[in-house]
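**Q** Mind looking over this structure? Questions follow.
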Amino acid sequence: MNIDDLFDYTSYTIDREPHIILDPQICVGCDHRGCANSCPAGCYTWSEKEVKMAFVHDSCLECGTCYIVCDRNAFTRWRYPRGGFGVSYRMT
Amino acid sequence: MKRSFQAIVVGAGPAGSAAAFTMAKAGLDVALLERGNFPGEKNMFGGILHRIPALDNVLSDYWICAPIERHVVKKGLTFMTGDASFSVQYESQAFDQTPYNGYTVFRPRFDRWLAEEARKAGATLLTRSTVDDVVIKSGKVVGVTLLRDRGEIAAPIAVAADGVLSFTALKAGLRRPKFDAGQMALGVKALFDLPKAAIEDRFGLVRDQGYSNEFVGCTAGLRGGGFLYTNLDSISVGLVLHLGSLRSGGRTPYDLLNAFIETPHIARFLKGGRLLEYSAHLIPEGGYGMIPEIVGEGILVAGDAAGFCNVTGLNLEGINLATHSGMLAGKAVVEAHREKDFSRRGLSVYRKMLEESYIMKDLKLYRRAPKMLHNDAIYQAYPEILCSFMEDIYRIDGTPKENLHQLFLRTAREKVGYRKLLADTYAAWRAL
């Protein structure tokens, strides 16, 4: 059993207003980019070709992993989504 | 819009709802703030709600009315390598009698139920309310502001029960701005639906008995472990990964989870199961050493926000500590209202109550466990030693045998060396 579409099994109420804002310039100078492989929702993607960190907030599980592993304060904003928005666990 | 209450509780998880419940029962007008559409919407956990004796006293027989999945009567611990596994299992008739020793629950259901109990007791539950900041006047917390509608809620006392990252404690100046990745772990979980009868057949259970199993050696050498818990008609499978190790490990949590689910040992339990939900959350695993300031001017901190999580490697306790600390915070707030003293000094009764309870006693007792668990050998070399040892014991192939202690020492020497074996045994002895 392999779950290719793991991420499709989480529900969200997506907020247009992002609750996390990343300054990707700072990521260019990072030597580990631990967020890219630690985020359980795959929100961070480093492109070696473009030398750029791409970030999407839509599929964020609001766990705080990036907030902890980032040691360069690359966030201009890191907070929880506005009330009623974001990840919505049904059972789990 | 500004509303006033006698107390504010930030977060309607187990700690917050228990705090609000305790205050409301004592007649206080308390606001219970929850950022989700309903309490529990943002919450997940590994799976065991341990017994909470303090809850037995105020919500008697809560295991009958609470949304419980199964009560755990059988616990397993498995050491795995790529193609072998060594398991120990403990089961007890005593765990099959009320009050049960532990339950599997779904947090969106359990947390919602506990918050509803607080509401029935008289608390005002305000959902969809993300706290943005604390309002500080002359050095004292006197309220909070909300992200939505720029609302403000005033009260002479607040309880920060807003979870592992606790921005409320941060903004009140009670926790340091930067967390240590070495003191945090990430839990990822997949929930599979499976018929009740199949679960009972596969795990040898009857009625609503439950089974839980922890796994070591399933994290590709990263510090962490796996878990499997039986719910009524679904199974939770997941991994807990130490962030310090995950950050530099080069593997993603979902790849590791997929690999774990694919191992024959796990796959056979999940056969025919359908994925229902994927979830993740952080766990404060630093123990006693990571507890922030828990008492401030007009504010108390409870639950995960206070780092109340006891990790020994054998048990992982959180919700019981959260609920109990929430009840103690509630009691402290009731006392503060009686004395009309919301100062740090007046509120220090909370710390005293925690020190006298199992919460601080256990965290102090196991204060060396988090460091002991920061030993990479536990997650790969030791499971390999155990499995290789058992393989040599059971394999009959016509070659002459060694006696058992020679066999064990040789296996251990090849994998970690005598010196490390001795040092690790000593560290584990001291920590546990």
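**Q** Evaluate the following for B:K189: is it under 20 Å from B:L243 (Cβ atoms) and buried (at least 22 other Cβ atoms within 10 Å of the Cβ)?
**A** Values: under 20 Å from B:L243 (Cβ atoms): yes; buried (at least 22 other Cβ atoms within 10 Å of the Cβ): yes.
For B:K189, the condition - under 20 Å from B:L243 (Cβ atoms) and buried (at least 22 other Cβ atoms within 10 Å of the Cβ) - is met.
**Q** Out of everything in region B:89-113 that is over 20 Å from B:I235 (Cα atoms) and modelled with pLDDT of 95 or more, what residue ends up being nearest to the other protein chains (Cβ to nearest Cβ)?
**A** Among those residues, the one meeting the criterion is B:R112.
**Q** I'd like to check which strands (runs of 3 or more DSSP E) are fully inside region B:1-84 and have at least 3 residues that are at pLDDT 95 or above. Don't jump to the end; show me each part of the working.
**A** Values: elements: B:2-4, B:7-10, B:30-33, B:48-50, B:68-80.
Hits in region B:1-84: B:7-10, B:30-33, B:68-80.
**Q** Kindly establish whether A:S47 is of a type in the set (G, A, S), closer than 18 Å to B:Y254 by Cα and more than 10 Å from chain B (Cβ to nearest Cβ). Give the derivation first.
**A** Numbers: of a type in the set (G, A, S): yes; closer than 18 Å to B:Y254 by Cα: no; more than 10 Å from chain B (Cβ to nearest Cβ): yes.
Here the answer is no, as A:S47 does not meet what is asked.
**Q** OK, next. Which count do you get for residues in region B:114-127 that are assigned to a loop (DSSP other than H, G, I, E, B) and either closer than 18 Å to B:L147 by Cα or within 14 Å of chain A (Cβ to nearest Cβ) (or both)?
**A** Applying the first criterion (assigned to a loop (DSSP other than H, G, I, E, B)) to region B:114-127 yields B:121-123, B:127.
In the following step, the residues that additionally are either closer than 18 Å to B:L147 by Cα or within 14 Å of chain A (Cβ to nearest Cβ) (or both) were identified as B:127.
Of the residues in region B:114-127, 1 are assigned to a loop (DSSP other than H, G, I, E, B) and either closer than 18 Å to B:L147 by Cα or within 14 Å of chain A (Cβ to nearest Cβ) (or both).
**Q** Would you mind finding the one in B:G143, B:G122, B:G163 that is more than 30 Å from A:C66 (Cα to Cα) and at pLDDT 95 or above?
**A** On inspection, the qualifying residue turns out to be B:G122.
**Q** Here is a list: A:F55, A:F85. Which entry is crowded, with 18+ Cβ neighbours inside 10 Å, of a type in the set (F, W, Y), farther than 29 Å from B:M290 by Cα and facing chain B (nearest Cβ under 10 Å)? So that I can check it myself, show each step before the final result.
**A** Working: A:F55 fails: facing chain B (nearest Cβ under 10 Å).
From the options A:F55, A:F85, the qualifying one is A:F85.
**Q** Among the listed residues B:L321, B:L363, B:L314, which satisfies the condition of being in a loop (DSSP other than H, G, I, E, B) and closer than 29 Å to B:G226 by Cβ? Walk me through it before giving the result.
**A** Numbers: B:L321 fails: in a loop (DSSP other than H, G, I, E, B); B:L363 fails: in a loop (DSSP other than H, G, I, E, B).
One residue alone meets the criteria, B:L314.
**Q** Another one. Identify, from the list A:P18, A:P24, the residue that is touching a His at 6+ places or on another chain (Cβ under 6 Å) and away from chain B (no Cβ under 11 Å). If you could, list the steps in order and put the result at the bottom.
**A** Numbers: A:P24 fails: touching a His at 6+ places or on another chain (Cβ under 6 Å).
On inspection, the qualifying residue turns out to be A:P18.
**Q** Counting only residues that are in contact with a strand residue (DSSP E or B) (Cβ under 9 Å, 6 or more places away or on another chain) and part of a helix (DSSP H, G or I), which one in region B:192-209 is surrounded by the most Cβ atoms within 10 Å (Cβ to Cβ)?
**A** The qualifying residue surrounded by the most Cβ atoms within 10 Å (Cβ to Cβ) is B:I199.
**Q** Restrict the check to region B:30-37 and report whether at least one residue is crowded, with 24+ Cβ neighbours inside 10 Å, in contact with an Asp or Glu (Cβ under 9 Å, 6 or more places away or on another chain) and of a type in the set (A, V, I, L, M, F, W, C).
**A** Yes: region B:30-37 contains one or more residues that are crowded, with 24+ Cβ neighbours inside 10 Å, in contact with an Asp or Glu (Cβ under 9 Å, 6 or more places away or on another chain) and of a type in the set (A, V, I, L, M, F, W, C).
**Q** If you check B:R119, B:R107, B:R148, which single one turns out to be crowded, with 22+ Cβ neighbours inside 10 Å and not acidic (D, E)? Break it down into steps so the answer makes sense when it comes.
**A** Details: B:R119 fails: crowded, with 22+ Cβ neighbours inside 10 Å; B:R148 fails: crowded, with 22+ Cβ neighbours inside 10 Å.
Just one listed residue meets the conditions, B:R107.
**Q** Moving on. Report yes if B:G326 is out of contact with any Cys (no Cβ under 9 Å at 6 or more places or on another chain), small (G, A, S), under 19 Å from B:R368 (Cα atoms) and part of a helix (DSSP H, G or I), otherwise no. I'd like the intermediate steps shown before the answer.
**A** Values: out of contact with any Cys (no Cβ under 9 Å at 6 or more places or on another chain): yes; small (G, A, S): yes; under 19 Å from B:R368 (Cα atoms): no; part of a helix (DSSP H, G or I): yes.
When the stated conditions are applied, B:G326 does not pass them.
**Q** Which residues, counting only those in region B:128-149, are outside any strand (DSSP E or B) and touching a Lys or Arg at 6+ places or on another chain (Cβ under 8 Å)? Even if it seems obvious, please write down each step before you answer.
**A** First, pick out the residues of region B:128-149 that are outside any strand (DSSP E or B): B:128-130, B:138-139, B:147-149.
Within region B:128-149, B:R128, B:S129, B:T130, B:L147, B:R148 meet the criteria.
**Q** Let me ask something additional. Can you name the number of the only condition in (1) out of contact with any His (no Cβ under 7 Å at 6 or more places or on another chain); (2) without any contact (Cβ under 8 Å) to a residue 40 or more places away in the chain that A:Y89 fails?
**A** Evaluating A:Y89 over (1) out of contact with any His (no Cβ under 7 Å at 6 or more places or on another chain); (2) without any contact (Cβ under 8 Å) to a residue 40 or more places away in the chain leaves (2) as the failure.
**Q** Tell me, which strands (runs of 3 or more DSSP E) wholly within region B:210-286 include 3 or more residues that are at the interface with chain A (Cβ under 9 Å from one of its Cβ atoms)?
**A** Values: elements: B:224-230, B:234-242, B:274-284.
Filter on region B:210-286 gives B:234-242, B:274-284.
**Q** Another one. Could you say whether any residue in region B:333-354 is under 13 Å from the mean Cα position of the chain (by Cα), assigned by TED's automatic domain parsing to the domain that holds B:I8 and charged (D, E, K, R)?
**A** Going through region B:333-354, the residues under 13 Å from the mean Cα position of the chain (by Cα) turn out to be none.
Within region B:333-354 (the criterion being under 13 Å from the mean Cα position of the chain (by Cα), assigned by TED's automatic domain parsing to the domain that holds B:I8 and charged (D, E, K, R)), the answer is no, since none of the residues qualifies.
**Q** While we're here: Would you call B:L114 hydrophobic (A, V, I, L, M, F, W, C), buried (at least 18 other Cβ atoms within 10 Å of the Cβ) and either farther than 20 Å from B:E317 by Cβ or assigned by TED's automatic domain parsing to the domain that holds B:N213 (or both)? Spell out how you get there, then give the answer.
**A** Numbers: hydrophobic (A, V, I, L, M, F, W, C): yes; buried (at least 18 other Cβ atoms within 10 Å of the Cβ): yes; either farther than 20 Å from B:E317 by Cβ or assigned by TED's automatic domain parsing to the domain that holds B:N213 (or both): no.
It is false that B:L114 is hydrophobic (A, V, I, L, M, F, W, C), buried (at least 18 other Cβ atoms within 10 Å of the Cβ) and either farther than 20 Å from B:E317 by Cβ or assigned by TED's automatic domain parsing to the domain that holds B:N213 (or both).
**Q** Determine whether A:D8 is at pLDDT below 95 and facing chain B (nearest Cβ under 9 Å).
**A** Details: at pLDDT below 95: yes; facing chain B (nearest Cβ under 9 Å): yes.
So A:D8 fits the description; yes.
**Q** Does B:T130 satisfy being within 11 Å of chain A (Cβ to nearest Cβ) and more than 28 Å from B:G249 (Cβ to Cβ)?
**A** Details: within 11 Å of chain A (Cβ to nearest Cβ): yes; more than 28 Å from B:G249 (Cβ to Cβ): yes.
In short, yes.
**Q** Next question, about the same structure. Which of the following residues is assigned by TED's automatic domain parsing to the domain that holds B:I319, crowded, with 18+ Cβ neighbours inside 10 Å, in contact (Cβ under 8 Å) with a residue 60 or more places away in the chain and not in a loop (DSSP other than H, G, I, E, B): B:V164, B:V159? Before you say what the answer is, go through the steps one by one.
**A** On the way: B:V164 fails: not in a loop (DSSP other than H, G, I, E, B).
Residue meeting the stated conditions: B:V159.
**Q** Just to be sure before I move on: is A:T65 surrounded by 15 or more Cβ atoms within 10 Å (Cβ to Cβ), under 22 Å from B:G182 (Cα atoms) and touching a helix residue (DSSP H, G or I) at 6+ places or on another chain (Cβ under 7 Å) in the structure I sent? Walk me through it before giving the result.
**A** Values: surrounded by 15 or more Cβ atoms within 10 Å (Cβ to Cβ): yes; under 22 Å from B:G182 (Cα atoms): yes; touching a helix residue (DSSP H, G or I) at 6+ places or on another chain (Cβ under 7 Å): yes.
Against the criterion (surrounded by 15 or more Cβ atoms within 10 Å (Cβ to Cβ), under 22 Å from B:G182 (Cα atoms) and touching a helix residue (DSSP H, G or I) at 6+ places or on another chain (Cβ under 7 Å)), A:T65 qualifies.
The values are calculated or read from the model by the stated rules, or taken from the named source; none is laboratory data. None of these values were measured; they are calculated from a predicted model. In this analysis, Cβ positions are derived from the backbone assuming ideal geometry, glycine residues included, and neighbour counts consider all displayed protein chains.
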